Amino acid sequence: MFLWALFLYLWLTTQFEPMLKFINVFLWVMCWSSFTHAQQVFSDKNNPSDFAEDPDDIELVTTDIDLFWKYYDQQVQDTTKNYFEHYLEEGSIGVQGYIPERIESAEALKELVLSETNYYDNIRSSSYKALAFKKQIKAACYALEYWYPEATYPPVYFLIGRTTSGGTANENGLMIALEVYADSNIKTNYGRPSLDIEILPNVVVHELIHFIQEDDENDQTLLKKCIREGSADFIAELISGEKVKLANGPNVYPYGDAHEKELWLEFKDAYDATERAPWLYSTTEDKRPQNLGYWMGYKIVESYYEQADDKKEAIKEILSIKDYKAFLVKSRYAEQFK
């Protein structure tokens, strides 16, 4: 069969060589044109230089909300299939960026959601309220414009995930996971309480600060991680109000303030390491609030800011830290405990 096909191809090339050459060139040009167009579309979609420079132009993307609930309804009616595969495939670039380390996979999402249908049913109505905070989000961005005129404003993707995190940021924009916010106090079966949806603008700003911050990925120390989180909380509070302190629960900052010295003495022996527990993104065994690293970073940044004569310059420096140990020294935070 192969020999017959080869013979036919050779005969055609001798009989119709000019036409075949034309067809080959035409197909090559069409393929190259399609490839370069697709490449340009992808580049335009992800080019940071195209992000809004005016806070009024910030894009709030909510298409993933309807998409999730569409496949949620199908999933709870038919558990033999995994309809969340379509959600992850069809979701925005925000959903794509939220899969690693958070949603993880369609299978992980299906397993969690089916074990928490009562929780998801309860947060459904509040998930549609994201755009109700558009004015507050823009107002906070205008406040940031005063403190840091160089800021750009990437798209904000409101989506629904696996109750693992309230939001994050990457080079394509901000991702806010609405399933962890509600307008009533509810808990997952595994014990995670919902957060008040009224803090949503503060969380958006917190993630916006992360988007703007410079980052040295070679530095993975606990000190760096805590100062980055504390910086985002501190600046978000400065421009959007103190509700941002509630994003990790109501007890983190009050507990930290009440046990400041003992927490600092513990932290100073741990901050050079890369181990995040028990300060960040982990459970605690001694019933202390989780994520006290946010509070610790906040206190260091607050001290640095208070030492500065030029407050706007201090904000710029906080957003562009390159040496976190030097920043800690300049903050003079530790001096109060000597």
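The values are calculated or read from the model by the stated rules, or taken from the named source; none is laboratory data. None of the values given here were measured: they were computed from a predicted structure. As a convention, Cβ positions derive from the backbone with ideal geometry for all residues, glycine included, and neighbour counts pool all protein chains shown.
LEU222 meets all of the listed conditions (1) buried (at least 21 other Cβ atoms within 10 Å of the Cβ); (2) under 22 Å from GLU145 (Cα atoms); (3) of a type outside the set (S, T, N, Q) but one, namely (2).
With the structure loaded, tell me whether ILE239 is within 30 Å of SER125 (Cα to Cα), touching a Leu at 6+ places or on another chain (Cβ under 6 Å) and touching a residue at least 60 places away in the same chain (Cβ under 8 Å) or whether it fails that test. Answer is yes for this residue.
The listed residues are TYR181, TYR153, and the only one of them that is in contact with a strand residue (DSSP E or B) (Cβ under 6 Å, 6 or more places away or on another chain), crowded, with 22+ Cβ neighbours inside 10 Å, farther than 30 Å from GLU116 by Cβ and not small (Gly, Ala, Ser) turns out to be TYR153. With respect to ALA334, is the statement that it is in contact (Cβ under 8 Å) with a residue 24 or more places away in the chain, among the aliphatic types (A, V, I, L, M) and not in a helix (DSSP H, G or I) true? Spelling it out, it is not the case that ALA334 is in contact (Cβ under 8 Å) with a residue 24 or more places away in the chain, among the aliphatic types (A, V, I, L, M) and not in a helix (DSSP H, G or I). Residues in the range 181-212 that are of a type outside the set (A, V, I, L, M) and within 19 Å of the chain's Cα centre (by Cα): TYR181, SER194, ASP196, GLU198, PRO201, ASN202, HIS206, GLU207, HIS210, PHE211. Those helices (runs of 4 or more DSSP H) of the range 239-324 in which 1 or more residues are under 22 Å from the mean Cα position of the chain (by Cα) and surrounded by fewer than 16 Cβ atoms within 10 Å (Cβ to Cβ) occupy 311-318. Only one entry of THR36, THR79 meets the criterion of being modelled with pLDDT under 50, surrounded by 10 or more Cβ atoms within 10 Å (Cβ to Cβ) and not in a strand (DSSP E or B), and that entry is THR36.
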